[in-house]
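**Q** After the structure tokens below, expect a handful of questions from me.
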């Protein structure tokens, strides 16, 4: 060939004609090679290009039917193609990161966004549900979809709170909280390993603390705390961190969450560009496989306190006592001091007759036996003052007479 080209040049062929000839020869040589541009695109079981590509032409897009010819039992979602998710010949992963880092990115409280969190912990406080596959199936082989929601033409509806709960759960719900659960059988869905339910004596009830330094203002902020039980640290437990900014109705996950408690039970997280007057909360994850630990919640937002009050009688004789009793809610405020005020009506005014400060029990119950010194109309009211941990609260005034 080289001698021929030299001969043509010697006879006066233009140089551009020689370049064109070489290019044609090069294309011919390439066309004779393998048709696959990338080896990853070769199916191990394919015997020819025509196995997937109509007419054997790799430039023609395959059909879903061509894929299903080998992957029997599989179907593509309506309007989708198999290769929307699959690189030909390569199955996507099934780890948590494969799910949440590619398509299913959830941003609290209720929308898909850019924060790769499996589900909003706002609705599943303390659950030990760790992977998508705990609830969602994936195919087990190339010919067995095994109920995988990605390989069915059935239109799936996203679950809502009422799917598992009779009433949407609220923050600080007491544990257990059957008033929110539609069926006890749904508990192990999120609280994995709780079947059968462990004995009460085997359950560890932790205490979670949280504090911010400095006070929540605009700028960088350090949020820290500890997780303990009976004074002993609980290490290597996941703690989710969330923030509620002014005007927000719910908490949102912090981008750098979650964190893990250290050997001393402590945790620390730095919030960059914190919002002024924001509230923060920490939620510890429940553990049930290696030891049963209940979840715990701690917040910089004051707990909303409330007081109930009843009297043992609406009318008593002089020198007798009337018992005032009630409950401070929620139960997490147990141990808080409750002030009781007895007033006697003089004319149109209510004047102070006596006061008593009592400490609510661990469940929030309190009581006071009061002996009036004079006859007349009385009333008793209970109250708690505002602290950094809870709001102020006052019970309804309860009336009684002394005859």
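The values are calculated or read from the model by the stated rules, or taken from the named source; none is laboratory data. Just so it is clear, the structure is predicted and the values come from calculations on it, not from any experiment. Positions of Cβ are backbone-derived with ideal geometry, glycine not excepted, and every protein chain shown enters the neighbour counts.
**Q** Return only the number of the condition from (1) out of contact with any helix residue (DSSP H, G or I) (no Cβ under 6 Å at 6 or more places or on another chain); (2) under 30 Å from residue 266 (Cβ atoms) that residue 343 does not satisfy.
**A** (2) is the only condition that residue 343 fails.
**Q** Can you pull out the residues in the stretch 135-164 that are at pLDDT below 65 and outside any loop (DSSP other than H, G, I, E, B)?
**A** The answer is 161, 162, 163, 164.
**Q** Could you check the stretch 253-266 and list, in sequence order, the residues that are touching a residue at least 40 places away in the same chain (Cβ under 8 Å) and out of contact with any strand residue (DSSP E or B) (no Cβ under 6 Å at 6 or more places or on another chain)?
**A** 255
**Q** Oh, and also: When you scan the stretch 373-391, how many residues do you find that are over 19 Å from residue 301 (Cα atoms) and surrounded by 15 or more Cβ atoms within 10 Å (Cβ to Cβ)?
**A** Filtering the stretch 373-391 down to residues over 19 Å from residue 301 (Cα atoms) leaves 373-383.
Subsequent filtering for residues that are surrounded by 15 or more Cβ atoms within 10 Å (Cβ to Cβ) retains 378-383.
Looking only at that region, the number is 6.
**Q** Failed condition for residue 228, given (1) touching a residue at least 40 places away in the same chain (Cβ under 8 Å); (2) assigned to a strand (DSSP E or B); (3) surrounded by 16 or more Cβ atoms within 10 Å (Cβ to Cβ), with all others met?
**A** (1)
**Q** Hey, which of the strands (runs of 3 or more DSSP E) in the stretch 296-360, taking only ones fully inside, have at least 1 residues that are touching a strand residue (DSSP E or B) at 6+ places or on another chain (Cβ under 7 Å) and within 28 Å of residue 278 (Cβ to Cβ)?
**A** Here the list reads 297-299, 322-329.
**Q** Can you name the condition, by its number, that residue 244 falls short on among (1) at pLDDT below 80; (2) over 21 Å from residue 286 (Cβ atoms)?
**A** Among (1) at pLDDT below 80; (2) over 21 Å from residue 286 (Cβ atoms), the lone unmet condition for residue 244 is (1).
**Q** Looking at the stretch 231-254, which of the residues that are more than 14 Å from the chain's Cα centre (by Cα) and crowded, with 18+ Cβ neighbours inside 10 Å is nearest to residue 271 (Cα to Cα)? So that I can check it myself, show each step before the final result.
**A** Within the stretch 231-254, the first condition is being more than 14 Å from the chain's Cα centre (by Cα), and the residues that meet it are 231-237, 244-249.
From the residues that got through so far, the ones that are crowded, with 18+ Cβ neighbours inside 10 Å too are 234, 237, 244.
Details: 234: 24, 237: 20, 244: 13 Å.
Within the stretch 231-254, the match that is nearest to residue 271 (Cα to Cα) is 244.
Okay, residues lined up against (1) under 49 Å from the mean Cα position of the chain (by Cα); (2) surrounded by 13 or more Cβ atoms within 10 Å (Cβ to Cβ); (3) modelled with pLDDT of 95 or more; (4) outside the structural domain of residue 251 (by TED's automatic domain parsing):
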residue: 315; (1), (2), (3), (4): no, no, yes, yes
residue: 329; (1), (2), (3), (4): yes, yes, no, yes
residue: 333; (1), (2), (3), (4): yes, yes, no, yes
residue: 343; (1), (2), (3), (4): yes, yes, yes, yes
residue: 361; (1), (2), (3), (4): yes, yes, no, yes
residue: 393; (1), (2), (3), (4): yes, yes, yes, yes
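**Q** Something else: Being in contact (Cβ under 8 Å) with a residue 24 or more places away in the chain, more than 19 Å from residue 204 (Cβ to Cβ), out of contact with any helix residue (DSSP H, G or I) (no Cβ under 6 Å at 6 or more places or on another chain) and surrounded by 20 or more Cβ atoms within 10 Å (Cβ to Cβ): is that true of residue 274 here?
**A** On the way: in contact (Cβ under 8 Å) with a residue 24 or more places away in the chain: yes; more than 19 Å from residue 204 (Cβ to Cβ): yes; out of contact with any helix residue (DSSP H, G or I) (no Cβ under 6 Å at 6 or more places or on another chain): yes; surrounded by 20 or more Cβ atoms within 10 Å (Cβ to Cβ): yes.
When the stated conditions are applied, residue 274 passes them.
**Q** Further question: Considering only residues that are surrounded by fewer than 16 Cβ atoms within 10 Å (Cβ to Cβ) and either more than 24 Å from residue 267 (Cα to Cα) or modelled with pLDDT under 75 (or both), which ones fall in the stretch 198-218?
**A** 198, 199, 200, 201, 202, 215, 217, 218
**Q** Looking at (1) surrounded by fewer than 20 Cβ atoms within 10 Å (Cβ to Cβ); (2) farther than 17 Å from residue 207 by Cβ; (3) outside the structural domain of residue 359 (by TED's automatic domain parsing), which one does residue 323 not meet, given that it meets all the others?
**A** It fails just one condition, (3).
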